[in-house]
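Below: one structure, written as structure tokens.
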Amino acid sequence: MLWLLPIWLFRIIRLLLLRELTGKEKMKTLFQIAIGGLVFSYGTTTLSYLFQFGENVIWWYWIPLPYFDGIILNIYQFLYMNLILNVFTKRALTFKRIAERWKIACIRCNLLVPSLEEKAPKEIPQVIYSDKDFFRIAAKGLTAAYIEGKKTELSNACGLFIWSIRPAKGKNGEVLPGLIDVFYTKQDLPTAIKLKQAQRPQFGQLNFGVGLHGDYFIKLTEMIHTGIAGLPGSGKSVQLRSLIVQAMVVHPGAICIGLDFKSASEFHIFAGRGNFILTDNFEEAAIILDEVYQEYFRRAELVKKNEVENVYQIRGPNGERVNPIFIFGDEMAEVFSPLSKLESKETVEAQKLVIDRLSKLARLARFVGVHLILATQRPDAKAIDPQVRSMLKTRIAFKLSQKEDSILWLNRAAALELPDIPGRFLLATDSGIFEQLQGLFVSKQEVKQMLEHIATGSSQLYRRIKGRLSQINSEGGSADGKMSEPGLPGERILPEGSPHS
């Protein structure tokens, strides 16, 4: 064993000369190495006496035991000691480097807390533990939500990609007061992901994008309604396009309604494909949403008869499911903003009906499979009706320019600090999830290819809506506010897509 001493002395001197570790940290590391080495040495020596009887290979029943004698034993011990030297030194260095980076980042981002003493300088939330993908800090009165608001600034200052900040939890899942876990990686999210490359969602799900842990699926029963906000060119329209394609491919019998009041420029690619219904005026939108509102009553009756919580729990004789109804809206500020005085009385009345139906569907229709996915550039009070906005439990925020908009939409200013990468957004849900994701890109040409096999007009609700629109257009009339009332005599109280319809 003496011939290994020079090598050990060289390694230990290198450890002692490391400037990045304090004397206390160096002694702690050496102590860990010594304890580990002693345990290994005594363990291997004991095994050698137990199983080594002069033979080079000892068999214990039919299992060959390792060779524990002379030089071989010394080499085993050297390799093990070398391994634990590297492990403990790397762990100590990782903790030290993370702590230094975090300290610099806190100073640059002004993430400081007042000291307990009045005249003492402000303190930095100290790193108390680090691992390969997260480190734990003593919060000192700061909340995870507050630090989350500075996540992008801290990432840039640290040189690490901080992707989540959460209250620390113990082994049994209990929240540890005063402690916060900061999850990080040395690599950022990919900047371009095609929808075709992403994992396909199952029935009743949508793939919202890709995060650090892979594809991010949300169940429709948990999504309820979704709001999307973002500056022009940030990826808002592409995200809508991706969600529409998924809705039509994963749920071929689903009704997809497109409200696009900017000349239908974004949704025109879906017109005439599957059960997609497009409109760019209030008169038609009032008729379409009124029919969906009547469908709500039909489906609610079926849920009541089957004694289930929502329509997705209903199954037909052969396992058939009730298909969802999606209402996609782009530039919703055009829907909720007051109309010009030059508009006709019929158009003004139709707008009132559209807002009324959207508000009622948002409040009432989630358990019958009606889901709103609405997009706007600025999520202020004028862009989306407050009653509708309050029901958008899943929210997506692309890059925003106004701090007030980000706080109104996400309860924090994090959307201002997103990198200038098209398709990068923040996802916030009603259950407390807050993640940064990369959206799934799909071109208009790919849309045509992916939807070419989807049958058109396979839904009864689709045919009813088309019939009413054709009747109004042929008569040259318009929606004047006199919509049908729920439960009219002679109507079948059965939901669209029901196994029994």
Inset, instruction - Could you identify the single residue in 481, 497 that is modelled with pLDDT under 85, part of a loop (DSSP other than H, G, I, E, B), within 32 Å of the chain's Cα centre (by Cα) and surrounded by 13 or more Cβ atoms within 10 Å (Cβ to Cβ)? - result: 497
Inset, instruction - Could you list all residues from region 308-317 that are surrounded by 20 or more Cβ atoms within 10 Å (Cβ to Cβ) and not in a helix (DSSP H, G or I)? - result: 314
Inset, instruction - Please state which one of 367, 398, 326 is more than 30 Å from residue 436 (Cβ to Cβ) and among the aromatic types (Phe, Trp, Tyr). - result: 367
Legend entry - Any pair with Cβ under 6 angstrom, 6 or more apart, that starts in region 137-151 at a residue that is part of a helix (DSSP H, G or I) and ends at one that is buried (at least 22 other Cβ atoms within 10 Å of the Cβ): 144/165; 144/180; 147/165; 148/165; 151/162
Inset, instruction - Considering every residue within region 357-368, establish whether at least one is modelled with pLDDT under 90, in a helix (DSSP H, G or I) and not hydrophobic (A, V, I, L, M, F, W, C). - result: yes
Inset, instruction - Could you grab me the full set of residues in region 309-347 that are of a type in the set (Val, Ile, Thr), out of contact with any Pro (no Cβ under 9 Å at 6 or more places or on another chain) and at pLDDT below 95? - result: 335, 347
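Are any of the residues in region 200-217 charged (D, E, K, R), in a strand (DSSP E or B) and not assigned by TED's automatic domain parsing to the domain that holds residue 235? Steps first, please.
In the first step, residues of region 200-217 are kept if they are charged (D, E, K, R); the result is 200, 215.
Those left that are additionally in a strand (DSSP E or B): 215.
From what is left, the residues that are not assigned by TED's automatic domain parsing to the domain that holds residue 235 are none.
For region 200-217, residues charged (D, E, K, R), in a strand (DSSP E or B) and not assigned by TED's automatic domain parsing to the domain that holds residue 235: absent.
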Inset, instruction - Kindly provide the set of residues from region 393-432 that are touching a Phe, Trp or Tyr at 6+ places or on another chain (Cβ under 9 Å), assigned to a loop (DSSP other than H, G, I, E, B) and of a type in the set (A, V, I, L, M), ordered by number. - result: 400, 418
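Only one of 384, 373 is assigned to a strand (DSSP E or B) and either crowded, with 22+ Cβ neighbours inside 10 Å or touching a helix residue (DSSP H, G or I) at 6+ places or on another chain (Cβ under 8 Å) (or both); which?
Working: 384 fails: assigned to a strand (DSSP E or B).
Among 384, 373, only 373 is assigned to a strand (DSSP E or B) and either crowded, with 22+ Cβ neighbours inside 10 Å or touching a helix residue (DSSP H, G or I) at 6+ places or on another chain (Cβ under 8 Å) (or both).
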Legend entry - Every residue from region 387-420 that is surrounded by fewer than 17 Cβ atoms within 10 Å (Cβ to Cβ) and either more than 26 Å from residue 143 (Cβ to Cβ) or touching a Cys at 6+ places or on another chain (Cβ under 8 Å) (or both): 387, 420
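Can we say residue 169 is without any contact (Cβ under 8 Å) to a residue 40 or more places away in the chain and either over 22 Å from residue 420 (Cα atoms) or acidic (Asp, Glu) (or both)?
Values: without any contact (Cβ under 8 Å) to a residue 40 or more places away in the chain: yes; either over 22 Å from residue 420 (Cα atoms) or acidic (Asp, Glu) (or both): yes.
Judged against the criteria, residue 169 is a match.
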Legend entry - Given (1) surrounded by 22 or more Cβ atoms within 10 Å (Cβ to Cβ); (2) of a type in the set (S, T, N, Q); (3) under 28 Å from the mean Cα position of the chain (by Cα), index of the condition residue 359 fails: (1)
Legend entry - Some residue of region 390-412 being touching a Ser or Thr at 6+ places or on another chain (Cβ under 7 Å), of a type outside the set (D, E, K, R) and closer than 21 Å to residue 282 by Cα: no
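Listed here are the residues, each with its yes/no results for (1) outside the structural domain of residue 373 (by TED's automatic domain parsing); (2) buried (at least 23 other Cβ atoms within 10 Å of the Cβ); (3) more than 23 Å from residue 455 (Cβ to Cβ); (4) of a type outside the set (Phe, Trp, Tyr).
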site: 229; (1), (2), (3), (4): no, yes, yes, yes
site: 235; (1), (2), (3), (4): no, yes, yes, yes
site: 246; (1), (2), (3), (4): no, no, no, yes
site: 273; (1), (2), (3), (4): no, no, no, yes
site: 285; (1), (2), (3), (4): no, yes, yes, yes
site: 295; (1), (2), (3), (4): no, yes, no, yes
site: 306; (1), (2), (3), (4): no, no, yes, yes
site: 321; (1), (2), (3), (4): no, no, no, yes
Inset, instruction - Please state which of the following conditions residue 445 fails to meet, knowing it meets all the rest: (1) more than 30 Å from residue 297 (Cβ to Cβ); (2) modelled with pLDDT under 90. - result: (2)
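The values are calculated or read from the model by the stated rules, or taken from the named source; none is laboratory data. If you're wondering where the values come from, they're calculated on a predicted model, not measured in any experiment. Neighbour counts run over all protein chains shown; Cβ positions are idealised from the backbone, glycine included.
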